[in-house]
Amino acid sequence: MEKTIKVTFIRGLNNIVLDEIKKVPNLKINYQGDESLYFDFIPDFKEVLTLRSILNAYVVKQGDALNPHYLSNHKSIIGELIDIVIQQPFKYKSFKLSCAGSDSKEVKEIKRYISNTYKLLESEESDLEIFIGKSGNTWEVGVRLTARPLTLRDYKVENIKGGLNPTIAYAMNTFCDLTSIKSYLNIFSGSGTLLIEAGLVNKDLNLVGFDHNGKTNALAIKNIKKAGLIKSIKLKTADIFDAPQLGTFDVIASDLPFGMQISKGEDLEKLYKAFIKYSDKVLEKSGKLVIYTTEHELLVEIIGKSRFSVTETLELKVSTVTGGYIYPKVFVCKLKI
Ligand SMILES: C[S@@+](CC[C@H](N)C(=O)[O-])C[C@H]1O[C@@H](n2cnc3c(N)ncnc32)[C@H](O)[C@@H]1O
């Protein structure tokens, strides 16, 4: 049973993840799925942890025999994986084992083994995450390589309802040629995820964002400071309906309000029309407009009546905190010549 490294990602981001991996030496992919892929095991996984398009990374073993019953009789298989992870310079205190039938005798025995051998407390909010489950027809056991999910970026000290998953922000920014453009506007900037992910790629860009909610902007400023980008990002409190005069931009990126994030009494159609009209006004002729929303039908209709055309689309499946799914899309648009 060979060890491998597994990384997970949002369904629909496959090509973004593959493109990012191509740029990292030493990562040899041996299997690709719709929401995960596997690399040959490498003892130093620092490079894996630099990937910004993935949700999580694990060291795993797969095999038809690796069910909870077998693992409870061969606990060293899990032990070997845990030993790899806890070598890292982090003081692990707690663990969580995710496995169907967690009340069974076998699973309880495995938990006792982990707790006693590694002196860890079992906890829902844990540092060491272990799972046993099925991957297709094969059993799989894995341990997360990091104490926190990779999507919980260090800069995110403040969150807002409806904040964008940073791996999606990273993905949207890959369409923006960040290293060759000069200016980037983020309309509806919220907690600043798109701006920060862009600034981390190129802090010398003219990065500007605006949101009509002053309190949200104050939270975004804290995130921007934590990311070390306070000198690179300008944030304004402004309403799209007032068409703020901020100059013109090579790129506009926007996570549009939708669902619960739309203010009471605000009309989505009016808002999206104002957004497209404003973007037409402030985007450079050869610029790109990159948009994220679940309200794609409405947006496509409005784009259809505008001077923009859609050049690329990503269809995503994103899990929500309530355990459901949303099906947003990313649209890359250009002005028709
Ligand atoms: C989906 S959230 C953006 C979340 C952001 N991408 C993040 O990661 O935190 C939409 C944002 O649009 C802002 N907004 C809604 N209506 C607006 C308007 N008329 N003018 C400017 N901002 C508006 C909201 O305050 C909210 O922060």
Worksheet, complete the sentence: Low-density loop GluC sites (Glu not before Pro), the stretch 1-91, at most 10 other Cβ within 10 Å, DSSP non-H/G/I/E/B, are GLU2
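Please get the size of the charge dipole for the chain, origin at its Cα centre, with Cβ charges of +1 on Lys and Arg and -1 on Asp and Glu, quoted in debye to the nearest 20. Can you show the working numbers first?
Details: 46 positive and 40 negative charges, 155 e Å.
Roughly 740 debye for the chain.
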Worksheet item: At 222 nm, what helix-only mean residue ellipticity would the chain give, in deg cm²/dmol to the nearest 500, using -39500 (n - 2.57) for each DSSP H run of four or more?
Response: -8500 deg cm²/dmol
Fill in: Modelled FRET efficiency - R0 30 Å, THR294 with GLN88, Cβ distances, 0.05 increments
0.20
Practice prompt. Hey, could you grab the Kirkwood Rh for the stretch 166-335? Inverse mean 1/r over distinct alpha carbon pairs, Å, one decimal.
Written response: 16.1 Å
Worksheet item: So how strong a dipole does the stretch 112-179 carry about its Cα centre when Lys and Arg Cβ are +1 and Asp and Glu Cβ are -1, to the nearest 20 debye?
Response: 100 debye
Worksheet item: Of all the C-alpha pairs in the stretch 3-144, what % are more than 27 Å from each other?
Response: 22 percent
Practice prompt. Using only Cα atoms, tell me the angle between helix 214-226 and the longest principal axis of the chain; keep it within 0 to 90° and round to the nearest 10.
Written response: 50 degrees
Practice prompt. Would you be so kind as to identify which of ILE130, ILE86, GLY142 lies farthest towards the positive end of the dipole of the stretch 81-163, taking Lys and Arg as +1 and Asp and Glu as -1 on Cβ and the Cα centre as origin?
Written response: ILE86
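Mean projection of the alpha-carbon convex hull of the stretch 17-101 over all orientations, in nm²?
Across all orientations, the stretch 17-101 yields a mean hull projection of 7.0 nm².
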Practice prompt. Please get the size of the charge dipole for the stretch 23-166, origin at its Cα centre, with Cβ charges of +1 on Lys and Arg and -1 on Asp and Glu, quoted in debye to the nearest 20.
Written response: 300 debye
Worksheet item: What number comes out for the charge environment of SER254, summing +1 per Lys or Arg and -1 per Asp or Glu over other residues with Cβ under 12 Å away?
Response: -1
Worksheet item: How do ASP19, ASP127 rank when sorted from fewest to most other Cβ atoms within 10 Å of their own Cβ?
Response: ASP19, ASP127
Worksheet item: How large is Rg over Rh for the chain, taking Rg from the Cα atoms and Rh as the Kirkwood inverse mean of 1/r across Cα pairs?
Response: 1.02
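Can you pull out the trypsin sites (Lys or Arg not before Pro) in the stretch 108-215 that DSSP calls coil and that have at most 11 other Cβ atoms within 10 Å?
LYS119, LYS161
Where a number appears in this text, it was derived from the coordinates with a stated rule and is not lab data. These numbers come from a predicted model, not from an experiment. Note: ideal-geometry Cβ built from the backbone for every residue, glycine included; neighbour counts use all protein chains shown.
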